[in-house]
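Below is one structure; the comments refer to it alone.
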Amino acid sequence: MYPLDYIQPVFRPPSEARSLILQVTNGCSWNNCTFCDMYTADQKRFRPKPIDELEEELKSLAEGGYPVRRIFLADGDAMTLSVRRLEQILRLIQQYFPDVQRVSSYCLPRNLKNKSVEDLALLQELGLSLMYVGCESGDDELLDLIQKGESYQTSLDALTKIKQAGMKSSVMILNGLGGPELSEQHARHSAQLMNEAQPDYLSTLVVEFPTGSERFSAPFEGRWRKLDKLELFREMEILLSELELDSTIFRSDHASNYLVLKGVLGKDKEKLLDTVRTAINRPGYIPLRQEWQRGL
């Protein structure tokens, strides 16, 4: 029997597919973002997992001989835990899996507000080396509409702390989030945020609402609709045009994306822009994902 008792549902970044998912918290302490259906109030109530339960899980895995090379701290809000609790968890990981190569976590920017660079540097020394930060946008008007509870500045502050602590950051931007009216400012301000932060990884996915968009679109008061493919590509063209990154690994290959893009920014910027512009100006020339191939 697998010695982990997950409270479902459990989510992870695509790049953590082969990682041990260690559920150190349940749900999300914020849980107000209107675009997010990952942790709803009727599914999950936020709570940290007791440290003795976590130790028992790690001990059972180690005794069972499970090969663990990478560990992802779930759920969506692990970094809301205190530095003391995170230190305890990381020391337990070191105790039971001394050869682990990487520990990572989702990170809401607000969760770093009361954590110093020195605090984060300690956690980095204990193995926590990568933070997945869902900035979603760099546009304050849009962030307010989606009830993100963050701003351009709070996102930048968090990403700056992560870099100063010697950790790596992987940032997510949501293509199509602002609908047609806010599309351009969403793309430009998101690029501006990334230019200041210079994250190690940047990815985009297309915003989708498998259970309906009514809750999300209500604050827009009729100003929002889903972007069509051409509008999504134009928004991507603006984003890429405005990005001035030194050595950020860029991916727009999530299952939600129609157009698959991969490269390193800045050296591949012109190549990526050429692909996007070809998709805009020569429909059908570049293969796109069909609707049945897409998903979240």
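Observations on the model:
- Selected from Lys226, Lys267, Lys148 as most flexible by GNM, with the chain as the system and alpha-carbon contacts under 10 Å: Lys267
- Here the dipole of the chain is about 500 debye; that uses its Cα centre as origin and unit charges on the Cβ of Lys and Arg (positive) and Asp and Glu (negative).
- Projected label points at Asn281 and Tyr6, each 7 Å from Cα along the beta carbon direction, are separated by 4.6 nanometres.
- Under the Debye formula (equal points on every Cα, no solvent term), log10 I(q)/I(0) of the range 132-296 at q = 0.08, 0.10, 0.15 Å⁻¹: -0.22, -0.35, -0.80
- Among Gly134, Gln290, Val83 the positive-end extreme of the charge dipole of the chain (Cβ point charges): Gln290
- Furthest towards positive pole of dipole, Asn26, Ile51, Ile71, structure part the range 1-106, Cβ charges: Ile71
- Percentage of interatomic Cα-Cα distances in the range 53-200 larger than 25 Å: 35
- The chain: Cys lacking any partner C-beta under 4.7 angstrom: Cys28, Cys107, Cys135
- In straight-distance terms, cross-link reach from Lys226 covers every one of the lysines whose alpha-carbon lies under 30 Å from its own, apart from those fewer than eight places away in the same chain; here that gives Lys44, Lys148, Lys262, Lys269, Lys271.
- Listed by chain and number, the lysines whose C-alpha is less than 21 Å from the C-alpha of Lys49, apart from same-chain residues fewer than 8 away, are Lys59, Lys115.
- Counting only DSSP H runs of at least 4 residues, each contributing -39500 (n - 2.57), and dividing by the residue count of the chain, the helix-based mean residue ellipticity at 222 nm comes to -11000 deg cm²/dmol.
FYI, it's all coordinate maths here, none of it is from the lab. Note that the structure is a prediction, hence the values are computed from the model and not measured. No Cβ is skipped: glycine too gets one built from the backbone with ideal geometry, and neighbour counts run over all protein chains shown.
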